[in-house]
Amino acid sequence: MKKLIIALLLVFLNSFNAKLAAQCDTIASICTKHIISSFVSDGQQYRSLLLNSEEYAEFKTTFFGETTYRIAACSGKTDGNLIFTIYDQERHVLFSNKNQKNAPYWDFKVKSTLETTIEARLDSNKNAGSGCAVILIGFKQK
């Protein structure tokens, strides 16, 4: 009986993980529309499951000097569900889309190389419940 319960639990967890991966794949493909042809993807898809608006995900990245970047942030099938904030190493806010009506992307140029943390959370005013947060980063080639 114990083996049956463990087997059923494993089947359930595999099914849940497959659904989560499919949800994140769908959101990532929707989010790619914001990495337009003038930007080249950095090849990463920063993903995290957020169960409510109290949780947040942190992604570490380095932006290289004299480069123009675009950050796209998505959760759900419509824009504006995800709040993202970019911090420098001292946790100073460099940008937050919360002040920009949860804009789904932001373009910026870095003067010198900068290590950052990107924090993503669901907007509690959008009643998103839970969801997969996806951050994509593109850069302009020189």
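None of the figures in this text is laboratory data; all of them are computed from the coordinates on show. None of the values given here were measured: they were computed from a predicted structure. Because the Cβ atoms are built from the backbone with ideal geometry, glycine has one as well, and the counts that use them run over all protein chains shown.
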Distribution of pairwise C-alpha distances over the stretch 54-113, 10 Å bins, in %: 19, 54, 24, 2
Any chance you could check the Cα centroid distance between the stretch 95-142 and the stretch 65-83 for me, in angstrom? 4 Å
Alpha-carbon gyration tensor eigenvalues x 5, square-rooted, for the stretch 24-142, Å: 22, 16, 12
T116 neighbourhood, Cβ < 9 Å, K/R = +1, D/E = -1, net charge -1
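When Lys and Arg each count +1 and Asp and Glu each count -1, what net charge do the other residues less than 12 Å away from L136, Cβ to Cβ, add up to? Spell out each step's value before the answer.
On the way: positive: K33, R47, R70; negative: D42.
Here the charged neighbours net out to +2.
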Within the set of other residues whose C-beta is less than 14 Å from the C-beta of C31, count the net charge using Lys and Arg as +1 and Asp and Glu as -1. +1
So which GluC sites (Glu not before Pro) in the stretch 38-125 end up in coil per DSSP with only 12 or fewer other C-beta atoms within 10 Å? E54, E66, E90
